[in-house]
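Asks: Right, I'll just put the structure down here and ask away after.
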Amino acid sequence: MNRDLPGGLDAMVRDLLAWFAARARPLPWRRDYEPYRVWLSEIMLQQTQMDRAVGYFERFTARFPDVASLAAASEEEVLKLWEGLGYYSRAKNLLAAARLVAARHGGRVPDDPEALRALPGVGPYTAGAVASIAFGRDVPAVDANVERVFARLFDLDLPPREPATAAFIRKTAAQMIPPGKARELNQALMELGALVCLPKKPRCSECPLAGRCEALRLDLVFERPVPAKAAAYIPLEVATGLLVRQGRVFVQKRPATGVWAGLWEFPGGTVESGETPEQAVVREFMEETGLRVAVTGRLAVVRHGYTRYRVALHCFSLRDADGEAPQPALHAAQEGRWAALPDLDGLAFPAGHRKLIDRLGRDIPFPGPALP
Ligand code: SF4
């Protein structure tokens with residue numbers, strides 16, 4: 001690990017700021033650095049690639065242009081606009097935070113990092129990013145891009161999130177900030193990580209810091225950052241079913257807390273040990289709705305990754321097993337409804353269910369008779 005760079009930090013900062021001034025991408029929230037827009041962009045960019053986030057950002061701000069309009073929104077509408085971005089707790093936290101900002105801060109996003117951290121969904125990185133980028137406060141903002149840049153520049157030989165390494169990165173990131181320049185410097189570090197110091201194919205020949213980079217000098221670029229112990233993915237078999245009556249399929253809204261809170265779904269659940277997916281969907285339907293159903297066909301197996309899980313979603317068409325079928329009970333939901341296929345577009349579903357819906361009526365026939 002080399003913590004004494006040739007030319008020192010000042011020269012590095014100068015080169016980095018010059019590069020950023022010339023190369024910064026014209027992102028929508030960079031037009032005016034309006035605090036609500038900067039905050040929203042940072043929440044959207046957690047776990048989401050820039051290219052995808054920009055489209056969502058434009059649609060979201062068209063509907064909710066400021067804190068007041070977001071604070072007055074229903075969770076249903078916010079989730080619908082968020083659908084497809086995943087990690088729905090971000091959307092719920094954002095809404096809760098907007099309501100707090102409206103109630104406690106007069107609708108103005110606070111500029112103090114501690115006040116920002118008191119908002120739901122705002123951690124140390126996001127607080128630093130909003131305080132510096134929106135308000136010009138001289139505080140660091142260390143995300144995964146910055147960690148990678150530092151790991152290479154300083155040839156850090158421990159994973160970036162090891163306590164000693166994390167403390168060094170944060171302290172150095174703070175020391176580097178020229179007075180009044182945190183907005184530019186923090187974004188420059190992140191932009192360098194996003195555009196040049198890429199995880200798998202770093203573009204060292206285009207890097208403004210190549211002459212100061214220890215990992216490049218030692219030919220250790222591909223060994224840095226040192227990876228943390230990899231988390232194992234957990235495979236999960238899940239079964240779900242479409243029960244259709246008079247051309248409408250039953251969907252239910254998940255409870256207000258827990259996994260995918262407030263999202264809609266087709267009833268179903270995890271395939272248990274010793275069960276087939278067909279048996280699982282029949283059992284889950286009974287447990288969740290009190291209805292006895294029978295499987296009439298296999299629709300698809302939809303595969304999707306959720307954080308640590310790799311899910312295989314087995315999708316079936318169903319019929320009522322009892323002739324005079326009662327209405328579904330809501331043992332695992334806060335609301336239920338019978339929806340025609342076009343109605344499903346107006347509801348927010350988890351990504352696996354949405355993948356299935358997007359295929360219904362295209363390569364997967366919608367089960368049951370069409371609407372009259
Ligand atoms: S020289 Fe290469 S490894 Fe070093 S900071 Fe630049 S892009 Fe990253």
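Asks: Out of all the residues in segment 32-51, which are touching a residue at least 60 places away in the same chain (Cβ under 8 Å) and touching a Leu at 6+ places or on another chain (Cβ under 9 Å)?
Replies: Tyr36, Trp39, Ile43, Met50
Asks: Another one. Would you confirm, using the coordinates I've provided, whether Arg217 is more than 7 Å from the ligand (Cβ to nearest atom), basic (Lys, Arg) and in the same structural domain as Asp157 (by TED's automatic domain parsing)?
Replies: When the stated conditions are applied, Arg217 passes them.
Asks: Let me ask another. Only one of these is assigned to a loop (DSSP other than H, G, I, E, B) and under 30 Å from Glu278 (Cα atoms): Ala228, Ala141, Ala232, Ala239. Name it.
Replies: Ala232
Asks: Here's something else I'd like to know. Of the residues that make up segment 181-200, is at least one assigned to a loop (DSSP other than H, G, I, E, B) and touching a residue at least 60 places away in the same chain (Cβ under 8 Å)?
Replies: Yes, there is a match, as at least one residue in segment 181-200 is assigned to a loop (DSSP other than H, G, I, E, B) and touching a residue at least 60 places away in the same chain (Cβ under 8 Å).
Asks: Still on this structure: Counting just the residues of segment 182-198 that are within 16 Å of Phe135 (Cα to Cα) and charged (D, E, K, R), which one comes out farthest from the ligand (Cβ to nearest atom)?
Replies: Arg183
Asks: Could I ask something else about it? Before we move on, is Tyr33 at pLDDT 95 or above and within 12 Å of the chain's Cα centre (by Cα)?
Replies: The answer is no for Tyr33.
Asks: So if I check each of Leu291, Leu218, Leu242, which one is of a type in the set (A, V, I, L, M) and closer than 20 Å to Ala351 by Cβ?
Replies: Leu242
Asks: Can you tell me how many residues in segment 81-95 are on the phi > 0 side of the Ramachandran plot and acidic (Asp, Glu)?
Replies: Here the count works out to 0.
Asks: Here's a follow-up. So which of Ala173, Ala98, Ala131, Ala151 is buried (at least 23 other Cβ atoms within 10 Å of the Cβ), within 16 Å of the ligand (Cβ to nearest atom), on the phi < 0 side of the Ramachandran plot and part of a helix (DSSP H, G or I)?
Replies: Ala151
Asks: Restricting attention to segment 321-371, report how many residues are within 19 Å of Val293 (Cβ to Cβ) and assigned to a loop (DSSP other than H, G, I, E, B).
Replies: 18
Asks: Does segment 250-258 include one or more residues that are under 30 Å from Thr307 (Cα atoms), more than 16 Å from the ligand (Cβ to nearest atom) and touching a His at 6+ places or on another chain (Cβ under 8 Å)?
Replies: Taking every residue of segment 250-258 in turn, none turns out to be under 30 Å from Thr307 (Cα atoms), more than 16 Å from the ligand (Cβ to nearest atom) and touching a His at 6+ places or on another chain (Cβ under 8 Å).
Asks: Which residue out of Leu318, Leu330, Leu291 is closer than 27 Å to Ala96 by Cα and not hydroxyl-bearing (Ser, Thr, Tyr)?
Replies: Answer to the selection: Leu330.
Asks: Look through segment 223-234, keep the residues that are surrounded by 10 or more Cβ atoms within 10 Å (Cβ to Cβ) and under 27 Å from the mean Cα position of the chain (by Cα), and return whichever of them is nearest to the ligand (Cβ to nearest atom).
Replies: Filtering first and then ranking leaves Arg224.
Asks: Go through (1) touching a residue at least 60 places away in the same chain (Cβ under 8 Å); (2) small (Gly, Ala, Ser); (3) away from the ligand (no atom under 16 Å from the Cβ); (4) within 15 Å of Pro225 (Cβ to Cβ) and name the single condition Ala166 misses.
Replies: Just one mismatch for Ala166, condition (1).
Asks: Would you confirm whether or not segment 59-70 contains a residue that is modelled with pLDDT of 95 or more, surrounded by fewer than 21 Cβ atoms within 10 Å (Cβ to Cβ) and either closer than 25 Å to Ala166 by Cβ or touching a Pro at 6+ places or on another chain (Cβ under 7 Å) (or both)?
Replies: no
Asks: How many residues does segment 261-282 hold that are in contact with a Pro (Cβ under 9 Å, 6 or more places away or on another chain), closer than 27 Å to Glu76 by Cα and buried (at least 20 other Cβ atoms within 10 Å of the Cβ)?
Replies: Final tally of qualifying residues: 6.
Asks: Considering only segment 119-128, state which residues are touching a residue at least 12 places away in the same chain (Cβ under 8 Å) and outside any helix (DSSP H, G or I).
Replies: Of everything in segment 119-128, those that are touching a residue at least 12 places away in the same chain (Cβ under 8 Å) and outside any helix (DSSP H, G or I) turn out to be Leu119, Pro120, Gly121, Val122.
Asks: Kindly indicate the residue of segment 201-211 that is more than 8 Å from the ligand (Cβ to nearest atom) and not in a loop (DSSP other than H, G, I, E, B) and also farthest from Asp155 (Cα to Cα) among those meeting that condition.
Replies: If we take residues in segment 201-211 being more than 8 Å from the ligand (Cβ to nearest atom) and not in a loop (DSSP other than H, G, I, E, B), then Ser205 is farthest from Asp155 (Cα to Cα).
The values are calculated or read from the model by the stated rules, or taken from the named source; none is laboratory data. Keep in mind it's a predicted model, so treat the numbers as computed, not measured. Cβ atoms come from the backbone with ideal geometry, glycine included; neighbour counts cover every protein chain shown.
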